[in-house]
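Read through the structure below, which is laid out as structure tokens, and then see the notes.
The values are calculated or read from the model by the stated rules, or taken from the named source; none is laboratory data. All figures in this text were calculated on a predicted structure; none of them were measured in a lab. In this analysis, Cβ positions are derived from the backbone assuming ideal geometry, glycine residues included, and neighbour counts consider all displayed protein chains.
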């Protein structure tokens, strides 16, 4: 019974991906269950399309930059939330955990459009603003992952032990807290990279023509041939999994 | 290094928990055990000495040096935590050497001292093991080695054996005590286990509701408790209210009792304390303080039987221990009766 449910769910999950893979190498796919003919031309066309190539790079840069910014922000943020919550209730921690659910990306996007379309800050459409927006959007996911781990490990206890052995607060943070958060940092960053690469709403509102991310360009593919759209989507899947892998391996080495 | 707590008071904001006016002096190399029920303030006391809590009144002096303004990492006090708090990302040797590394001790010296300490706690072969591969008892010993590695000015033990099986506890008690003596470490041990306190400590401090009830040698705490609360908390006992009716004479309400009343006057209210091992079963004819009654619940403990003995007129049964349970009568030998002032 349980096995049956798992298999059914697996099919439900994998079937669209399988169809995408099949569609991306089919030469024609109209009004039939499966495409006909075998071809590699959709991938070649995609490769020849400068806007897709450019978007591919942009997405990768935005995702990796978000990971770096998030690492620098989320570790101290989660850490201070953990200690603050132990002292003064967990209101701030709750806000952080609820933020990604409560604030839709479109709200965040409109906010950015209003604020950064002024003479004082005319940065709408720039790459740094896009990166900043992605970082803000994904920050709560990483912070939550870290916060859960901090609580689970009961790190305050280890910090007390380090302090009695002579560790100053910064020494115990760098020598005890950070190394013990490595696992959750890796899993959190994989999530950040995957969310950033697949993010559409925010990017669609904030990008200029030159800085479009891959999902934004992908939307156009759907107006063309089915095979081309499938191939472009397969590339997005690859992009998401690659950036997740890259971000986790960068952290593992350091 | 002597550790002196002088009139230390501390209150957790918004609660009545804390400490009031606790004074304890620990001499160089002495082990003082602090016992008390949960919420008595014993853990707070330890945290204040370690510096993990601050904001107390009164003073905590280590060799005359006032600790109250010093942050934890400057106090140089070793601490063993109840849950050991070993660093999971470091192996056994790295855990032990952590404090030395912070003190910038050269690597060769660190590893020499680390292995020496691991040998001392019997874990010489475990140096390269990850912490997760150790049993609770082994982790406890690593924690002790880690605390001793920094040559601490004082040693704090926070319920160090509470999480371990009874079988291993006795052995580790002796090991901790041996090492503590070898390092001549001025030690404060917090425990809720009175047996641990009595067997390990030079002196025992009994805390209740944040107040120090008594500070004395284990023998004095057991044999001459200062109050009913101490008598009730340390060891088993039968406590009965009584009124002094004359020199060496007491009225229990249901019977008369002979005991040394000291300087107490007629009419003074006291509590009579009798330890179970001092209750005499089936006393010979003519013995003083003989009472007849009936045996209640019996518990066979191997070397002795611990049993309840119901006396007519006394609400709670007398607790007694002997080779064989009494059949009809028991006696309280006057020399073993303690009187506690109310």
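Observations on the model:
- The residues listed here are B:143, B:154; of these, the one that is modelled with pLDDT of 90 or more, crowded, with 24+ Cβ neighbours inside 10 Å, under 19 Å from residue B:176 (Cβ atoms) and in contact with a strand residue (DSSP E or B) (Cβ under 6 Å, 6 or more places away or on another chain) is B:143.
- All positions within region B:55-75 that are within 14 Å of chain A (Cβ to nearest Cβ) and exposed (fewer than 15 other Cβ atoms within 10 Å of the Cβ): B:55, B:71, B:74
- Complete set of residues in region B:136-151 that are facing chain A (nearest Cβ under 10 Å) and either more than 9 Å from residue B:99 (Cβ to Cβ) or assigned to a strand (DSSP E or B) (or both): B:143
- Selection count, region B:157-179, where residues are away from every other protein chain (no Cβ under 14 Å) and buried (at least 22 other Cβ atoms within 10 Å of the Cβ): 2
- Inclusion of residue A:161 among residues that are touching a strand residue (DSSP E or B) at 6+ places or on another chain (Cβ under 8 Å), within 30 Å of residue B:49 (Cα to Cα) and buried (at least 21 other Cβ atoms within 10 Å of the Cβ) is warranted.
- On the stretch given as region B:76-128, residues that are away from chain A (no Cβ under 14 Å) and not in a loop (DSSP other than H, G, I, E, B) total 15.
- Complete set of residues in region A:164-181 that are at the interface with chain B (Cβ under 8 Å from one of its Cβ atoms) and either touching a strand residue (DSSP E or B) at 6+ places or on another chain (Cβ under 9 Å) or not in a helix (DSSP H, G or I) (or both): A:164, A:165, A:166, A:167, A:168
- Residue among A:184, A:247, A:196, A:208 that alone is in contact with a strand residue (DSSP E or B) (Cβ under 8 Å, 6 or more places away or on another chain) and touching a residue at least 24 places away in the same chain (Cβ under 8 Å): A:208
- Answer residue from region B:33-47, given it is within 13 Å of chain A (Cβ to nearest Cβ) and in contact (Cβ under 8 Å) with a residue 12 or more places away in the chain and is nearest to residue A:164 (Cα to Cα) among those: B:46
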